[in-house]
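Report on one structure; see the data block that follows.
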Amino acid sequence: MKKYFCVNCGYIYDELMGDPERSIARCTLVSMLAEDWSCPDCGEGVERLCARSAFDYKEEIVKEMDR
């Protein structure tokens, strides 16, 4: 499961969590989203979602290593 961000507004879509407020079930992959899916914050289409890389998680990784 990956996290994706909208390149237009920064909205984060987490495949593991889905989007219950919009009736998108947990574990729904980006590739499974409807073609007419739109970002809830800015309205951009699914093609504007970009996978987050390990670099994006740098601060979270460092915090875990410090535990």
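Any read-out appearing in this document is the output of simple, stated calculations on the displayed coordinates, not a laboratory observation. Model, not experiment: these values are computed from the prediction. Note that we place each Cβ from the backbone using ideal geometry, even for glycine, and neighbour counts take in every protein chain shown.
Listed highest first by mean packing, meaning other Cβ atoms within 10 Å per residue, what order do 1-9, 19-27 come in? Can you show the working numbers first?
Details: 1-9: 15.4, 19-27: 10.8.
Ranking, from highest mean packing down: 1-9, 19-27.
Take each of the peptides 30-38, 43-51, average the number of other beta-carbon atoms within 10 Å over its residues, and list them starting from the highest.
Numbers: 30-38: 12.1, 43-51: 14.3.
So the peptides 30-38, 43-51, ranked by packing, come out 43-51, 30-38.
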